[in-house]
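Notes follow once the structure below has been shown.
The values are calculated or read from the model by the stated rules, or taken from the named source; none is laboratory data. From a predicted model like this one, the values you see are computed outputs, not experimental measurements. Virtual Cβ from ideal backbone geometry, glycine too; neighbours counted across all protein chains shown.
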Amino acid sequence: MTTETETKVVEQTEEKEEVKEEVKKEAEANNAEEKSDDKAEKADKEKKEEEKKEVKAKKEAPPPKPAVHKLDFEKEVVYLYQFTRTPVLPSLSPYCLKVETWLRLANLKYENVDHKMKYKSKKGQLPFVEVNGEEIADSAIIIKELGSRYSVDLDGGLTHEQRNVAHATISMIENHFAW
């Protein structure tokens, strides 16, 4: 019996060693797979980062548009962009008429720009003006800005009461008679 038990013990140790070797091989195989998975994941991440950089480069590629539409502007000349003029009226828009009339009354040097309806202000409005490379939109803001810039106040000779009547009339016309 002792030989049988000794053989069984030897066989069991051999089996244990074989199992240990198999476990080691499996562990090494798993480690190798994990390493290859890690390498693949790293490669995927690198590819994605490269693609993101390429997309960013494509997005940044177009040069910025010029801040002004009239690149060869003269200093202190107001360039007025408005709707296309008609044979009978300077403009069909009351706001464009307002700005052009104010420019005439203020005796400022201005030029109508015939843009064939290609341009609008940054706010998407007409009329707008460009002065010394700066764009100003909205008729009320144009008049206020140009008035302060060139020290022109067409209401300067009015009394306080007359200014109030003028303000009420302008508000009524702009807010209640527009189409």
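Things to note:
- Matching residues, segment 121-154, being free of Cβ contacts under 8 Å to residues at least 40 places away in the same chain and under 20 Å from K109 (Cα atoms): I136, A137, D138, A140, I141, K144, E145, S148, R149, S151, D153
- Subset of segment 114-129 (residues that are buried (at least 18 other Cβ atoms within 10 Å of the Cβ) and either more than 28 Å from H167 (Cβ to Cβ) or among the β-branched types (V, I, T) (or both)): V129
- Pairing each residue of segment 164-175 that is outside the structural domain of L154 (by TED's automatic domain parsing) and over 13 Å from K98 (Cα atoms) with any residue that is at pLDDT 90 or above and surrounded by 10 or more Cβ atoms within 10 Å (Cβ to Cβ), provided the two are 6+ apart or on different chains, yields no C-beta distance under 7 Å.
- Screening Y79 on (1) modelled with pLDDT under 80; (2) outside any loop (DSSP other than H, G, I, E, B) shows it passes everything except condition (1).
- Residues of segment 130-141 that are outside any loop (DSSP other than H, G, I, E, B) and surrounded by fewer than 16 Cβ atoms within 10 Å (Cβ to Cβ): E134, A140, I141.
- Residues of segment 95-114 that turn out to be of a type outside the set (A, V, I, L, M, F, W, C) and in a loop (DSSP other than H, G, I, E, B), as a count: 3
- Only residues that are assigned to a helix (DSSP H, G or I), surrounded by 13 or more Cβ atoms within 10 Å (Cβ to Cβ) and out of contact with any strand residue (DSSP E or B) (no Cβ under 9 Å at 6 or more places or on another chain) were counted across segment 142-162, and they come to 2.
- Qualifying residue in segment 95-116 (condition: within 30 Å of F177 (Cβ to Cβ) and at pLDDT below 70): yes
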